[in-house]
Amino acid sequence: MQLQLGGKTAFISGSSQGIGFAIASALAAEGVQVVLNGRHPSRVDAAVDRIRRQSPNSNPRGIVADFGRPDDVARLLDRLDETDILVNNVGEFGLAAFESIDDDLWAHYFDVNVMSGVRLSRHLLGPMLERGWGRIIFVSSESGVNVPADMVHYGVTKAAMLALGNGLAKRTRGTAVTVNSIVGGPTFSEGVAEALGSLAAAQSIPPESMKTAVIGQNATTLLQRFIAPAEIAHLVAYLASPLAAATNGAAVRADGGVLTSML
């Protein structure tokens, strides 16, 4: 299937590794000129080099910025040229008891996971509407629908992302601009791999055993395994394409069957 994305430009926040990199890779393979982002210059440079090797004609570039630092975000926005596709992917997660999360940490999670999408969308949605075409995609999580007790702070921010995407979509009425969200399930990104590796080391068990044990605790998963980042990326690429013009204001699941309700 040809996604008709050649010549488009995309910015993907938090894309030096994990799901974000997989999204950048999938879009670049479709002829999109991708702009990658991360906090660490060396990782961003390495990610850009990987995309260039995989898709030589994609003309990738990178912008280093930490979405927890407003000054970094302001500099990033100044460097963003005309952008057809915005993927709000950047996010932080971590296990923590609700009582242990103080106001500063709540504010940090909101700044990175929610306000990143607010600031980028505020900067780019208007020009998309003026040009008459555009895509904004939020990479949310099933944790925003079924909030985990040990990650309330994370789940609340992912729920806010879904609300933000839903509200922004209503601003696109009658245009060729769409705003949608991905409801992802347990995905084996580098961050998850590192976290599970640490847990495995602490319990003196092989990392693969820990991986199997963790996904086995999720009784509702129909996939019965972790989702690969590329599987999220394929759905993002479709929603970014002209072929998905009839999908707007939606929260589209790629959760592996973790969520059990019909809608």
- Task: Kindly provide the set of residues from segment 220-243 that are assigned to a loop (DSSP other than H, G, I, E, B) and surrounded by 15 or more Cβ atoms within 10 Å (Cβ to Cβ), ordered by number.
- Result: THR221, LEU223, PHE226, SER241
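For the subset of segment 113-146 comprising residues that are β-branched (Val, Ile, Thr) and either surrounded by 20 or more Cβ atoms within 10 Å (Cβ to Cβ) or without any contact (Cβ under 8 Å) to a residue 24 or more places away in the chain (or both), which member is nearest to THR83 (Cα to Cα)?
The residue in question is ILE136.
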- Which numbered condition PHE93 misses (of (1) over 17 Å from THR247 (Cα atoms); (2) out of contact with any Phe, Trp or Tyr (no Cβ under 6 Å at 6 or more places or on another chain); (3) outside any helix (DSSP H, G or I)): (2)
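Might you check whether a residue that is within 22 Å of ILE19 (Cβ to Cβ) and outside any helix (DSSP H, G or I) occurs anywhere in segment 128-135? Before you say what the answer is, go through the steps one by one.
In the first step, residues of segment 128-135 are kept if they are within 22 Å of ILE19 (Cβ to Cβ); the result is 134-135.
Filter once more, so that each one left must be outside any helix (DSSP H, G or I): 134-135.
For segment 128-135, residues within 22 Å of ILE19 (Cβ to Cβ) and outside any helix (DSSP H, G or I): present.
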- Task: Might you let me know whether segment 15-29 holds any residue that is over 18 Å from ILE136 (Cβ atoms) and outside any helix (DSSP H, G or I)?
- Result: yes
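Tell me whether segment 149-159 contains one or more residues that are surrounded by fewer than 14 Cβ atoms within 10 Å (Cβ to Cβ), among the small types (Gly, Ala, Ser), in the same structural domain as HIS108 (by TED's automatic domain parsing) and more than 30 Å from LEU129 (Cα to Cα).
Here is the first cut: in segment 149-159, the residues surrounded by fewer than 14 Cβ atoms within 10 Å (Cβ to Cβ) are 149-150.
From what is left, the residues that are among the small types (Gly, Ala, Ser) are 149.
Within this subset, residues satisfying the condition of being in the same structural domain as HIS108 (by TED's automatic domain parsing) are 149.
Checking the rest, the ones that are also more than 30 Å from LEU129 (Cα to Cα) come to 149.
Yes, segment 149-159 has at least one match.
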- Note on the structure: MET210 meets each of (1) over 30 Å from GLY7 (Cα atoms); (2) buried (at least 17 other Cβ atoms within 10 Å of the Cβ); (3) modelled with pLDDT of 90 or more with one exception, condition (3)
- Query: For segment 152-173, does any single residue satisfy the condition of being modelled with pLDDT of 95 or more, touching an Asp or Glu at 6+ places or on another chain (Cβ under 7 Å) and assigned to a helix (DSSP H, G or I)?
  - Reply: no
- Item | Residues that are surrounded by 17 or more Cβ atoms within 10 Å (Cβ to Cβ), at pLDDT 95 or above and in a helix (DSSP H, G or I), drawn from segment 51-72 | ILE51
- Task: For segment 249-263, enumerate the residues that are in a loop (DSSP other than H, G, I, E, B) and out of contact with any Gly (no Cβ under 6 Å at 6 or more places or on another chain).
- Result: GLY249, ALA250, GLY257, LEU259, THR260, SER261, MET262, LEU263
- Considering each of ALA213, ALA246, ALA200, ALA195 in turn, give the residue that is assigned to a loop (DSSP other than H, G, I, E, B) and more than 13 Å from the chain's Cα centre (by Cα). ALA246
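The values are calculated or read from the model by the stated rules, or taken from the named source; none is laboratory data. Since we're looking at a predicted model, the values are computed, not measured. Because the Cβ atoms are built from the backbone with ideal geometry, glycine has one as well, and the counts that use them run over all protein chains shown.
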